[in-house]
Amino acid sequence: DVSRSPPTNLFTLRLWQEPLGDDRSEWRGEIKHLFTGEVRYFRKWDEIAALVPEMLHDGPEALGTHG
């Protein structure tokens, strides 16, 4: 059916500042795939670009093709 939307994947992104001591801190993050519940953590923004495709290759549920 052409009128159907393509499969969709939803993620949440959570960011926080992690104290390192000596008045230093760094940003950390968590990305969660809402359909599978898989969670991955990262420290650098460019890691997100690698994590998302990995999380999409976890099977048909991750690609939003439910039945």
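The values are calculated or read from the model by the stated rules, or taken from the named source; none is laboratory data. The shown structure was predicted, so the numbers you read here are calculated from the model rather than taken from an experiment. Every residue, glycine as well, gets a Cβ built from its backbone with ideal geometry; the counts of neighbours run over all protein chains shown. When the accessible area is computed, the model is the full protein with side chains, heavy atoms only, and any ligands, DNA or RNA have been set aside. Shrake-Rupley method; radii C 1.70, N 1.55, O 1.52, S 1.80 Å.
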Tell me the net charge near Gln17. Cut-off is 11 Å between Cβ atoms, Gln17 excluded, with +1 for each Lys or Arg and -1 for each Asp or Glu. 0
Under the Karplus relation with 6.51, -1.76 and 1.60 and θ = phi - 60°, whole-Hz ³J(HN,Hα) for the stretch 18-32, x at Gly and Pro, equal 9, x, 10, x, 6, 6, 10, 8, 9, 7, 10, x, 9, 10, 10
Give me the accessible area of His33, 1.4 Å probe, in Å² rounded to the nearest 10. 0
What does the extension gain come out to for Asp46 and Phe11, with contour length at 0.36 nm per residue minus their alpha carbon separation? 11.0 nm
